[in-house]
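Notes follow once the structure below has been shown.
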Amino acid sequence: MADLFSSGRLVDLILVVVVLEAAVLLLYWRQARRGIAPFDLLPNLCAGVFLLLALRVTLAGAGWMMVSGCLAAAGLAHLADMYRRWRE
């Protein structure tokens, strides 16, 4: 079990679940026009994905620049999400 955490495989599994979640929610929106609109959903999911990627590359032993890039991208996605929510 410890290897699942330390190897980053758990993060990979969570990323797959997030991609599946996004696909299901976007498909549901396209079919029924109900639920969370894509432009409201994607910035939030992107922020989470970039945070997970930052964790993944850290566990993989990547350099600080790669980790910083993932964290910066997460921050930008978060700002986009906050901007959309604040306007409404």
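Odds and ends about this structure:
- Each peptide in 9-16, 44-51, 24-31 was scored by the mean count of other Cβ atoms within 10 Å over its residues; highest first, the order is 44-51, 9-16, 24-31.
- Summary value for the chain: 30 percent relative contact order, contacts being C-alpha pairs under 8 angstrom separated by 6+ residues.
Taken together, the values in this text are just the output of simple stated rules run on the coordinates, not laboratory data. Small disclaimer: the values here were computed from a predicted structure and weren't measured. Heads up, the Cβs are rebuilt from the backbone with ideal geometry, glycines too, and the neighbour counts pull from every protein chain shown.
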